[in-house]
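Below is one structure, written out as structure tokens; comments come after it.
All of the numbers you see were taken from the coordinates with simple rules; none came from a lab. All values derive from a computational prediction rather than experimental measurement. Note: ideal-geometry Cβ built from the backbone for every residue, glycine included; neighbour counts use all protein chains shown.
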Amino acid sequence: MTAIVDIGMNHKTAPVELRELVAFGGHNIDEVMNSIGSIQDIKESMVLSTCNRVEILFTTDKEKEAKESVIEFLSHVSGIKKEELGSTLYIYDNEEAIRHIFRVGASLDSMIVGEPQILGQVKEAYRIAVNHKSSSVILNRLMHRTFSLAKKIRTETDISGSAVSVSFAAVELGKKIFGDLQGKEVLLIGAGEMAELAATYLLNNRIAKILVANRTFSRAVELADHFHGKAISFEEISDQLLVVDVVITSTASPEPVISLNQVKNTMRRRKNRPLFFIDIAVPRDVEPQVNGIENVFVYDIDDLTGIVESNINKRKGEAVKAERMVDQEVIKFSEWFKTLDVVPTIVALKDKCENIRQMELKKTLSSLDDLTPEQRKGVENLTISIAKKILNDPIVLLKKKEDRTSRNLYLDIARKLFNLDSDSEDTNTKSYK
């Protein structure tokens, strides 16, 4: 029987130094998708890799074998031994997997509850899965229900009120460091969505200047123009470190973009004037050893936990409503999912009954030449009605069996009682002749 499984790690189960080893941001996503798709026991699959989580969602008919293969893949990609990796992973199956992906899409499992970025990231992960044709009936329906539920939660609750994000938390940390950001100069390294959000919050705090560096210079120019800042090239970062007060990094680089030696040289020329790095990238953009330099302070994404917790507390009431909505949707989806195992047997049962009905009707009508067309139609309607009423009780019983063990038993009995697995049509009908 098909199972839905989600295997992953997030900010609650693994520190950033482990998450960045597993994160697929530095890998070719096509290669990742092809590798997962090549696992023999996996039927459908989707990969979600963000700064706070790495997850592989898949369906399988061989749950144990597929789970082992996915963990082996994660171990191979990250270089982490399976024994060490296992303690950081969560593994959800069926109803719990459904609940988990609904909560992720609704931002109930995020570091900051209600942050809007995760839904866009889930949609992008699904788009990639669709492009790779690794998503089919089950994951397609699951994802569309996830998107619909997330929209409903945002509309009917205030869980996203006063919208916050990791970028917002980063700016709040900067305010705590300086007491006031007014008049400060800030360098953004990376011009993605998180950097754009950070720039928005920074301007609200009346900073003096925003500098933007990005691998794609045109994107840096676009973001800098939008916020009346200045774009610089990556080669100019070292020079600008001499004058800025805060550096917020959020690139997708697989390697650090700020090195220990680079900052050491900068601090000598700054005459040890304090410099603050807020690194919200995974893998990290700033080498961890930089934090050991005098008057240099480095905060990575895990250091935002305190700010995050305060935001979570403000939203607990709305989260309770959202969790109830998730529970309701889990029940609906689970009921649909459970019927998938039953559908082939019900279809086979209906097909067999219909074949028998038509054969017997044809034989009977061939011996009743005196019937009018209306009478023939009446006889046919009678056979249809009888067939439906005979099938109604077994079909209803099969659909109601929620326990998997019980359902499998009844499916097996039904297929044997009605001889549904026979390859011979004669065997199917001979007892009715």
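Which of the peptides 90-98, 310-318 is most tightly packed, and how do the rest follow, judged by the mean count of other Cβ atoms within 10 Å per residue?
Descending mean neighbour count gives 90-98, 310-318.
As a quick test, which of the pairs Lys43/Lys82; Lys321/Lys399; Lys151/Lys332; Lys152/Lys338 have an alpha carbon distance above 21 angstrom in this structure?
Lys43/Lys82; Lys321/Lys399; Lys152/Lys338
Check each of the trypsin sites (Lys or Arg not before Pro) in segment 214-302 and keep only those in coil by DSSP with at most 12 other C-beta atoms within 10 angstrom; list them in order.
Listed in order of number, the matching sites are Lys271.
Tell me, what ³J(HN,Hα) does each residue in segment 319-336 have, in order and in whole Hz, if you take phi through Karplus 6.51 cos²θ - 1.76 cosθ + 1.60 with θ = phi - 60° and put x for Gly and Pro?
Each residue's phi maps through the Karplus curve to give 5, 4, 4, 5, 5, 4, 5, 5, 4, 5, 6, 4, 4, 4, 5, 4, 4, 5 Hz.
So who's got an amide H within less than 5 Å of the one on Asp300, skipping anything under 5 residues away but keeping other chains? H placed 1.01 Å off N, in plane.
Asp279
Which distance in nm do the two modelled labels at Ile384 and Asp369 give, with both placed 7 Å along the Cα-to-Cβ direction?
Distance between label points: 2.8 nm.
Tell me, in nm to one decimal, what length is gained between Val396 and Lys176 on full extension, where the rule is 0.36 nm per residue of separation less the Cα-Cα distance?
73.0 nm
Can you compute the modelled spin-label distance between Asp421 and Ser87, with each label point 7 Å from Cα toward Cβ, in nm?
Using points 7 Å along Cα→Cβ, the separation is 4.5 nm.
State log₁₀ I(q)/I(0) for the chain at q = 0.09 Å⁻¹ as given by the Debye formula over alpha-carbon point scatterers of equal weight, solvent excluded.
Taking Cα atoms of the chain as identical point scatterers yields -0.69.
When the label point is put 7 Å from the Cα of Ile413 along its Cα-to-beta-carbon vector, which residues of segment 322-361 have a backbone N closer than 18 Å?
342-343, 345-346, 349
Any chance you could get the radius of gyration and Dmax over the Cα atoms of segment 166-304, in Å?
Just the Cα atoms of segment 166-304 yield Rg and Dmax of 13.3, 35 Å.
Based on DSSP H runs of at least 4 residues, each adding -39500 (n - 2.57), what is the mean residue ellipticity at 222 nm of the chain after dividing by all its residues, to the nearest 500 deg cm²/dmol?
On the way: 17 runs with 240 residues, N = 433.
Calculated at 222 nm, the ellipticity per residue is -18000 deg cm²/dmol.
Could you please report the charge total around Ala208, scoring K, R as +1 and D, E as -1 over all other residues with beta-carbon less than 14 angstrom from its beta-carbon?
Net of charged neighbours comes to +1.
Using Cα positions and a limit of under 27 Å, work out the lysines in reach of Lys377, with same-chain residues fewer than 8 apart set aside.
By straight Cα distance, Lys377 reaches Lys350, Lys352, Lys362, Lys363, Lys388, Lys389, Lys430, Lys433.
Can you figure out the FRET efficiency of Arg376 with Ile331, using R₀ = 45 Å and their beta-carbon distance, to the nearest 0.05? Before the final figure, lay out each step's value.
Details: r = 47 Å, r/R0 = 1.04.
Working from the Cβ atoms, E equals 0.45.
To check you understand DSSP bridge types, tell me what percent of the beta bridges within the chain (both residues inside) are antiparallel, rounded to 5.
Of those bridges, close to 45 percent are antiparallel.
Segment 3-162: D in µm²/s via Stokes-Einstein (Kirkwood Rh, Cα pairs, 20 °C, 1.002 mPa s)?
So the translational diffusion coefficient is about 136 µm²/s.
Can you figure out the FRET efficiency of Asp239 with Glu124, using R₀ = 30 Å and their beta-carbon distance, to the nearest 0.05? Walk me through the intermediate numbers first.
On the way: r = 35 Å, r/R0 = 1.16.
E(calc), rounded to 0.05, equals 0.30.
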